[in-house]
Amino acid sequence: MSISSMKQALEALESVEKVNGWNKDSIVGRHCAQSAHLLRQAIAGAEDKDADEWYETLLWGRQEPVAWAEFTKDYVAVCNESFENAIPLYATPPKREWVGLATEEAREFYESDLSREELIHKIDEFLQEKNI
């Protein structure tokens, strides 16, 4: 989520609080208050970091790079410290959220004239494409 999106979400929560107030004894009130608090922390943290570092943290989580590399058509340079034009390398790939079939996509498959085996194969190919 971008900093501007976080600020927009916080602004929406704060306007609801001004209009309706949050009953901090209710589950919804506690959830809204906690969400606003977490958004303020995330905004402050994102504004304190430079944009590249903030994006890497968002993408990779809080893990540290294990090395840095520069790739050109002639060579690959790898080092255990950061250097100019280097990109960080991580031990664990970024976490990706699985994307399943949307209702309309599932309906299209359901209404197709494919055999069960063909249908399974087509759905499998389709999901692999969506999750590359």
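Just so it is clear, none of the values below were taken in a lab; they were calculated from the coordinates. Keep in mind that what you see is a predicted model, and the values were worked out from it rather than measured. Note that we place each Cβ from the backbone using ideal geometry, even for glycine, and neighbour counts take in every protein chain shown.
At residue 76 and residue 112, where each label point lies 7 Å from the Cα along Cα→Cβ, what is the point-to-point distance in nanometres?
Label-label distance for residue 76 and residue 112, simple model: 3.7 nm.
Quick one: net charge around residue 70, please, counting Lys, Arg +1 and Asp, Glu -1 for every other residue with C-beta under 15 Å from its C-beta. Walk me through the numbers before you get to the answer.
Details: positive: 73; negative: 74, 81, 84.
Result for the neighbourhood of residue 70: -2.
If Lys and Arg each add +1 and Asp and Glu each add -1, what is the summed charge of the other residues whose beta carbon sits under 13 Å from the beta carbon of residue 130? Don't skip to the end; give the middle numbers.
Values: positive: 96, 122; negative: 97, 105, 124, 125, 129.
With Lys, Arg at +1 and Asp, Glu at -1, the neighbours total -3.
Report the gain in length on full extension from residue 105 to residue 126: 0.36 nm times residue separation, minus Cα-Cα distance, nm rounded to one decimal. It would help to have the intermediate numbers written out before the result.
On the way: separation 21, 0.36 × 21 = 7.56 nm, distance 0.97 nm.
Difference between extended and current length: 6.6 nm.
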